[in-house]
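One structure below.
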Amino acid sequence: MEITYWGDIRGRATEFRYMAAYAKADVKFNYFSITKGAEGFAEWLDKKAQYAVDYPLINLPFLKESNGNIISETSAIVHHLARKFGFHPKTEKEQINYDMMFNQATEINDMFFQIIMQKEPGNEKSRWAKHVLPEKLEPLDKWLDLNKTQYLCADRVMAPDFRLFKAIEPMLVYKPDLIDNFENIKVWYNRIYNSIKHAVDEEKKLPITIQYKDGVPQDYETNDMFPEAQKIRFAMLPTLYWGVDGKMSAEE
Ligand SMILES: N[C@@H](CCC(=O)N[C@@H](CS)C(=O)NCC(=O)O)C(=O)O
């Protein structure tokens, strides 16, 4: 199978790469260049229009199976990979844990994007990192302690583990003492890290994303299927204060 996404950033592909690394699976990754800026985006828009003829939901990332089937939507791809690699629930109890943990991991991942990446550094953000962020992780530490499982849903790794790991890894760069008091999360984190060390270390070399405004193609109006909608979306792109090139160190 093949997965297509933006290259030279982590973005939404990190969890796919971690899952593939853990499963030692043969997944081919194709990349459009977003770090080329406007030019890379224009190349994608051109291809997108071609794919959209047969597959109107086309987006980045998308997965193409060997029979030609296309799957878009990040979480749909994650669940598909989970089923293929055995990282999916097999009993009702596992299914319940999986559903809950996937939601928890998604919320924590979204919080990372909305607050750590989009909020200007300052007193409010520091207080958020000191008080709110640990408050979100503490119940998960207790959950692991009470369940006595090696991973979030059971004694085997499943998709929510990768989603949460992918969110926590850069959080630890942003706030290195974040899990110091969470013994169970620490053990869980190191267990996953030690299984896919090489993939994680490779990922650490990449920025999470680009400063979005740098990727806006000048000529998108001639390329885009919905130029007016794109124009409004581009005008509303947030400024990122963390997670882009040169802005990935600890903040206090
Ligand atoms: N709902 C989609 C959103 C995907 C998305 O926002 N992709 C961004 C990159 S992270 C993109 O550049 N998409 C290409 C496009 O909009 O044409 C998903 O969950 O995968």
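Pairs of C-alpha atoms in region 1-151 farther apart than 19 Å represent 65 percent of all such pairs.
Could you tally the net charge around A49, taking each other residue with its Cβ under 12 Å from the Cβ of A49, Lys/Arg +1 and Asp/Glu -1? Within the 12 Å Cβ shell, the charges total -2. Multiplying the residue separation of R191 and A25 by 0.36 nm and subtracting their alpha-carbon distance yields 57.8 nm. Over region 125-252, the pair-distance histogram of Cα-Cα distances with 10 Å bins from zero comes to 11, 32, 28, 18, 10, 1 percent, rounded to whole numbers.
For the chain, the longest principal axis of the C-alpha atoms and the axis of helix 92-111 are separated by about 60°. Given an 8 Å cut-off on Cα distances and at least 6 residues of separation, report the relative contact order of the chain as a percent. This gives 27 percent for the chain. Of all DSSP beta bridges confined to the chain, the antiparallel ones make up roughly 55%. Once you reduce region 14-28 and region 162-184 to the center of their Cα atoms, the two points are 21 Å from each other. Taking the chain as the reference, fit the longest principal axis to its C-alpha atoms, fit the long axis of helix 133-147 to the helix C-alpha atoms, and give the angle between the two in degrees, 0 to 90, nearest 10. Long axis of 133-147 versus the principal axis of the chain: about 50 degrees.
How much of the pair distance distribution for the chain lies past 26 Å, counting alpha-carbon pairs only, in percent? The answer is 44 percent, as a whole percent.
Taking a point 7 Å out from the Cα of L57 in the direction of its Cβ, the residues of region 96-135 whose backbone N falls within less than 20 Å of it are 99, 102-103, 106. Checking the table K48/K166; K24/K48; K47/K231 against a 25 Å threshold on Cα-Cα, which pairs fail? Distance filter (> 25 Å) returns K48/K166; K24/K48. Distance from the C-alpha centroid of region 107-151 to that of region 219-242: 30 Å, rounded to the whole angstrom.
Once the C-beta distance of E65 and H131 is scaled by a Förster radius of 30 Å, the resulting FRET efficiency is 0.10 to the nearest 0.05.
Every helix of 4 or more DSSP H residues in the chain counts as -39500 (n - 2.57), and over all residues that averages to -15500 deg cm²/dmol at 222 nm. Between the helical axis of 38-52 and the dominant principal axis of the chain, each derived from Cα atoms, what acute angle in degrees is found, rounded to the nearest 10? The angle comes out at about 90 degrees.
Every number here is computed from the coordinates shown, using simple stated rules; none is lab data. Bear in mind that the values here come from a model prediction, so they are computed numbers and not experimental data. In this analysis, Cβ positions are derived from the backbone assuming ideal geometry, glycine residues included, and neighbour counts consider all displayed protein chains.
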